[in-house]
Each structure stands twice: as structure tokens, then as C-alpha cells.
1. Of the residues that sit in the stretch 186-199 and are in a loop (DSSP other than H, G, I, E, B) and among the hydroxyl-bearing types (Ser, Thr, Tyr), which one is modelled with the lowest pLDDT?
2. Which residue is farthest from residue 237 (Cα to Cα), if the candidates are limited to the stretch 62-76 and must be open to solvent by 50 Å² or more (accessible area, probe 1.4 Å) and touching a residue at least 60 places away in the same chain (Cβ under 8 Å)?
3. Can you list residue pairs whose Cβ atoms sit under 7 Å apart, with the first residue in the stretch 120-131 being touching a residue at least 12 places away in the same chain (Cβ under 8 Å) and the second being of a type in the set (Ser, Thr, Tyr) and open to solvent by 80 Å² or more (accessible area, probe 1.4 Å)? Count only pairs 6 or more apart in sequence or on different chains.
4. Find all pairs meeting these conditions: Cβ atoms under 7 angstrom apart; at least six residues apart or on different chains; first residue within the stretch 207-224 and free of Cβ contacts under 8 Å to residues at least 60 places away in the same chain; second residue open to solvent by less than 10 Å² (accessible area, probe 1.4 Å) and in a strand (DSSP E or B).
5. Kindly evaluate residue 188 against the criterion of being farther than 19 Å from residue 133 by Cα and open to solvent by less than 10 Å² (accessible area, probe 1.4 Å).
6. Looking for something closer than 20 Å to residue 270 by Cα and touching a residue at least 12 places away in the same chain (Cβ under 8 Å) - is there at least one such residue anywhere in the stretch 178-192?
7. Identify, from the list 179, 114, 126, the residue that is under 15 Å from the mean Cα position of the chain (by Cα) and open to solvent by less than 30 Å² (accessible area, probe 1.4 Å).
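The values are calculated or read from the model by the stated rules, or taken from the named source; none is laboratory data. Everything numeric in this text was worked out from a predicted model, so none of it was measured. With ideal geometry, Cβ positions are generated from the backbone for all residues, glycine too; neighbour counts draw on all protein chains shown. Accessible surface areas use protein heavy atoms only, side chains included; no ligands, DNA or RNA. Shrake-Rupley method; radii C 1.70, N 1.55, O 1.52, S 1.80 Å.
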Amino acid sequence: MGRRATTAFGAALALALTACSPGPPPAPTPSAAPSASRTTTPRVKTTSPPPASSAPAAAWTVGARPLPRRPDGFGEVEPTPPELVNRALPTKDLFPPPADGAYASTISPVPAAVLARSTWQPACPVKAAELRYLMMSFRGFDGRAHTGEMLVNASAAAGITKVFGRLFAAHFPLEEMRVTGPAELTAPPTGDGNSTSAFVCRPARGQTSWSAHAYGLAVDVNPFCNPYTKGDLVLPELASAYVDRSRARPGMVLAGDATVRAFAAIGWSWGGSWSSPKDRMHFTATGH
């Protein structure tokens, strides 16, 4: 975590995902959906789901206000806005939600249209053929079932669908789940993103070596609710209210909870157990 990226490509990307993504891109085109040859996991219906609450009012527009940069290239850390102290923003559906409200997932080779809007490029440390495109049900903060998408390493695809099936059954809320786009790697930091995602072709923060995300072997869960901290740095930069883990709120990952246990069941470790940095959003198959 110590050295700044020294190459032009590394420097641009090292500043890239310093905060969560600035906001959702336009809805993917229908060609982004998995092909008919996809692998489908069984639908799982949970018992006695709580009644869905009405969707929260959209009192905050994600990505609307760029932050001034610090000398290290990250955004200035600012107090959490009142609207985000107990964050429960509505999910914007990019795909039709599951019709029956049950968990469902699919695994397929990455469609060309999805690859084109992702951060993958030939210089990435993983070949496109080594990635898989997942579509999975998740529960929003509104309590309703939604459909999200994710790129992961082929070796981890089946395990990840099981993890998110367990989170769905546990009614663990996610704000959004989508593929990170290339524009997000050069966008100014806004410090308010909260997308759950996996593959991003970038170096580790502050380093020139590839992140586990660049191999599709790491997942960040609700980054705003589970911020990264190191010294005086908080990422996302507006998420300081969530550094205090003694006040549990929906979407937070806590030691020993259902999220940590679900990832541990497939052999992945949690960055929230590290001493420095504390990467509370981060789950990894590599330990990094």
C-alpha cells in the first residue's frame, strides 16, 4: 500500500477506484444478457420474508459533486452528509427483478457487449476467456428482490453465486450490483458510491502491482457502508459515519456475521480483519 504508481497506465488506474463509483451508467442493452448456453443455479425461495417497505425517497444523487483532491490524489475526506448517515438509497433496476421474488443466478461466458463496457483490456492480467458473467438476485434496502450483474474469475463463479444466495436468504441488503465501467477509472472522486462489484482492471491502491480485483478474485460489498481506512484516509471519502462499527446499520459487514461466514465457506478472507489498512468492503480469494 506504500508506493505510488510510476507508469502512466498504473498512475491513472491507481487514482481510479479510490472511491466507489460515481453513479450507475445507462442501463445495459439487451445484448448484455447471458446466452442460452448459460449455466443456471437452482432458484431458492426463502421462508417468511419480511414485508417490503416503500422505497426510500431519492434524497441524494450519487456522483453529482466531485471532491477536491488531496496531494496524494485521493478525494478530500469530508463529514458524511446527513442524508447518508443511515444510508438506504433506492435501487435503480438495470435488469428486470426476479418475477417470483426468489433467488436465482446464472453463469455464462462474458458477452462481447458486457466485455466492451467493462474495464477489461488486453493488458489486464487475466484473459477475457478466464472471466465469467454472473447475474444474481439481491435484496435492496427497500426489502425487494432485484437483479444484478458481476464479472468474476471463472474459478470463483460457482462459489460466488452460492455466497450471494446465502446473503439473499439472510436478507442482507445491497444498494446495487453492476459491472464497473472504464469511465469510472478516470472520473473525479465523489466519495459516495456504493456498488457491490468484483472485477476491475486496476492496481492495488497506492501500488503498481495488480489488485486481486484485476483477476476477478475479489468482491467489494456495499463500499460506502464498509469503508476502507488507512491513517487519515477514508474511502469512499464521505463514508466517515460508517467507520464507527459500534452502531450497526443495514448493509454493514461485521465480524462473524452472515456475510463473513458466507465468504469464509468458499475459502475467501475479509479485509475488515486486517490491522492496517482496514478494508471492510473487501473479500478476497488471494488474501490481498
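1. 186
2. Among residues in the stretch 62-76 that are open to solvent by 50 Å² or more (accessible area, probe 1.4 Å) and touching a residue at least 60 places away in the same chain (Cβ under 8 Å), the one farthest from residue 237 (Cα to Cα) is 64.
3. Within 7 Å, the pairs are 125/215; 126/215.
4. Between residues of the stretch 207-224 that are free of Cβ contacts under 8 Å to residues at least 60 places away in the same chain and residues that are open to solvent by less than 10 Å² (accessible area, probe 1.4 Å) and in a strand (DSSP E or B), the close pairs are 209/203; 222/196.
5. Taking the combined requirement at face value, the residue does not satisfy it.
6. Within the stretch 178-192, none of the residues are closer than 20 Å to residue 270 by Cα and touching a residue at least 12 places away in the same chain (Cβ under 8 Å).
7. Values: 114 fails: under 15 Å from the mean Cα position of the chain (by Cα); 126 fails: under 15 Å from the mean Cα position of the chain (by Cα).
Going through 179, 114, 126 in turn, the sole match is 179.
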